[in-house]
Amino acid sequence: MGGAVLRRVGEAGISAAGGAAIVFALLVLVPGDPARRVLNARGVLEPSPEAVAAVRAELGLDDPLPQRFWEWLTGLVRGDLGVSWRSGQPVSDEFLERLPATAVLTVAALALAVVLSLALGLLAAARPGGWPDHLARVLSTGVLVVPGFLLGVVLLDLVVVQLGMGRVIADGTWRTVFLPALVLALGAAATWSRVLRAGLLEARGAPYLRVSRARGAGPVRRLLGHELPNALPPYLTMIGLGSAALLGGAPVVETVFTWPGVGRFTVEAITARDMPVVTGFTIIAVLVYVVVSLLTDLLTTALDPRLRPAAARRAVPARVAGGAA
């Protein structure tokens, strides 16, 4: 078991390093002179050659590419994401200032997505092919085909403007988090609910369910005591991957609801071509995705013995012996 954990941690480290290399390559391949863009962001529209040369020396743009990558990578390890071209402040400080608001939004969206997906998945699996199943499918499909920004605008108009509930400008606290968190959570809840439904129906066909039914177990006991635990591994995998993806959808939702978080700050940086902020957000999203995927993998392996290599090796001889008998 320890060897499998180390192998997964090593794979996660390789994935993170590969993601960092791709982000640095995108930073290098962006058209235009970075020094000139820095000066333009600082308000110098027609910089002199001397000013451009000074900024290139300041940023180390004349150093060999491997040296630049090493310095950038070691800076990431130390938590140094560079300096914002617009504000001249460290990107890590800019992110830390806005991180609490993004954390509030992400946690609220994750909680709503889990609650909604459990409700829809259990409702659909309770009577497959019945009206609850069809209703859950229609709701899931409708949410998936509507873009998040459009749903956010519609909710703002109906709930805030027309009904007078909530605030147009959010303040980044729990008091105004419900609408943006709901918009961010709906897409994930729709996908997770379908995965949960499929897992529940697959678990329902297992032979031990017939034994449990013969012993007098009721539908609720079979659902919560047998079917749901066996359907959890794929469902938890989707939650793990989807919770990391929530960070990727935060910029659009934060912009629509004027949420003062990291995502909105990144959208403003894209407009201003502030590349250190953009690449900083990208590398954070990559690291979050890798770490959450690793934790989800370890959790599902702990919950499902069939995913453990040692258990799988022991199961193979047992099945062979059973077949021979």
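The values are calculated or read from the model by the stated rules, or taken from the named source; none is laboratory data. What you are looking at is a predicted structure, and each value in this text was computed from that prediction instead of being measured. We place every Cβ from the backbone using ideal geometry, glycine too, and count neighbours over all the protein chains shown.
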Handout entry: Qualifying residue in segment 254-262 (condition: assigned to a helix (DSSP H, G or I), modelled with pLDDT under 80 and of a type outside the set (S, T, Y))
Key = no
Problem - Yes/no for T271 being at pLDDT below 85, within 26 Å of A198 (Cβ to Cβ) and either charged (D, E, K, R) or part of a helix (DSSP H, G or I) (or both) - result: no
Completion exercise
Over segment 44-62, the set of residues closer than 20 Å to L26 by Cβ and surrounded by 14 or more Cβ atoms within 10 Å (Cβ to Cβ) is R56, L59, L61
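Conditions (1) within 24 Å of N40 (Cα to Cα); (2) within 14 Å of the chain's Cα centre (by Cα); (3) touching a residue at least 60 places away in the same chain (Cβ under 8 Å); (4) buried (at least 18 other Cβ atoms within 10 Å of the Cβ), marked per residue:
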site	(1), (2), (3), (4)
Y235	no, no, yes, yes
G248	no, yes, no, no
P251	no, yes, no, yes
T282	yes, yes, yes, yes
S293	no, yes, yes, yes
T301	no, no, yes, yes
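Quick check, is V104 over 19 Å from F178 (Cβ atoms), under 21 Å from the mean Cα position of the chain (by Cα) and not acidic (D, E)?
Values: over 19 Å from F178 (Cβ atoms): no; under 21 Å from the mean Cα position of the chain (by Cα): yes; not acidic (D, E): yes.
In short, no.
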Problem - Restricting segment 75-85 to residues that are surrounded by 13 or more Cβ atoms within 10 Å (Cβ to Cβ) and hydrophobic (A, V, I, L, M, F, W, C), the residue that is farthest from the chain's Cα centre (by Cα) - result: W85
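Only one of A170, A124 is part of a loop (DSSP other than H, G, I, E, B) and touching a Pro at 6+ places or on another chain (Cβ under 8 Å); which? Even if it seems obvious, please write down each step before you answer.
Details: A124 fails: part of a loop (DSSP other than H, G, I, E, B).
It is A170.
Across segment 156-171, what is the number of residues that are under 23 Å from the mean Cα position of the chain (by Cα) and either exposed (fewer than 15 other Cβ atoms within 10 Å of the Cβ) or modelled with pLDDT of 80 or more (or both)?
Taking segment 156-171 and keeping what is under 23 Å from the mean Cα position of the chain (by Cα), we get 170-171.
Of the ones still in play, those that are also either exposed (fewer than 15 other Cβ atoms within 10 Å of the Cβ) or modelled with pLDDT of 80 or more (or both) are 171.
Qualifying residue count for the region: 1.
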Completion exercise
Among G142, G129, the single one that is outside any helix (DSSP H, G or I) and over 19 Å from W259 (Cβ atoms) is G129
Exercise for the section: For residues that are more than 21 Å from R264 (Cα to Cα) and surrounded by fewer than 16 Cβ atoms within 10 Å (Cβ to Cβ), scanning just segment 107-125, find the one that is farthest from the chain's Cα centre (by Cα). Expected result: A119
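Quick one: how many residues across segment 188-198 are surrounded by fewer than 22 Cβ atoms within 10 Å (Cβ to Cβ) and in contact with a Leu (Cβ under 8 Å, 6 or more places away or on another chain)?
Taking segment 188-198 as the starting set, the residues that turn out to be surrounded by fewer than 22 Cβ atoms within 10 Å (Cβ to Cβ) are 191, 194-195, 198.
Keeping just the survivors that are in contact with a Leu (Cβ under 8 Å, 6 or more places away or on another chain) gives 191.
Number of matching residues: 1.
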Exercise for the section: From the list A113, A103, pick out the single residue that is in a helix (DSSP H, G or I) and either closer than 17 Å to Y235 by Cα or in contact with a His (Cβ under 9 Å, 6 or more places away or on another chain) (or both). Expected result: A113
Practice task
Please identify the pairs in which a residue from segment 1-12 that is of a type in the set (G, A, S) has its Cβ atom under 7 Å from the Cβ atom of a residue that is exposed (fewer than 13 other Cβ atoms within 10 Å of the Cβ) and at pLDDT below 75, counting only partners at least 6 apart or on another chain.
Solution key: A4/P309
Practice task
Confirm whether W70 is under 23 Å from L29 (Cα atoms) and in contact (Cβ under 8 Å) with a residue 40 or more places away in the chain.
Solution key: no
Problem - Conditions (1) in a loop (DSSP other than H, G, I, E, B); (2) surrounded by 12 or more Cβ atoms within 10 Å (Cβ to Cβ): number failed by G88 - result: (2)
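Can you confirm whether segment 181-191 contains a residue that is among the hydroxyl-bearing types (S, T, Y), at pLDDT 80 or above, closer than 21 Å to V115 by Cα and within 19 Å of the chain's Cα centre (by Cα)?
Looking only at segment 181-191, we keep the residues that are among the hydroxyl-bearing types (S, T, Y), and these are 191.
Still in the running and at pLDDT 80 or above: 191.
Next, from what is left, pick out any that are closer than 21 Å to V115 by Cα: 191.
In the following step, the residues that additionally are within 19 Å of the chain's Cα centre (by Cα) were identified as 191.
Among the residues of segment 181-191, at least one is among the hydroxyl-bearing types (S, T, Y), at pLDDT 80 or above, closer than 21 Å to V115 by Cα and within 19 Å of the chain's Cα centre (by Cα), which makes the answer yes.
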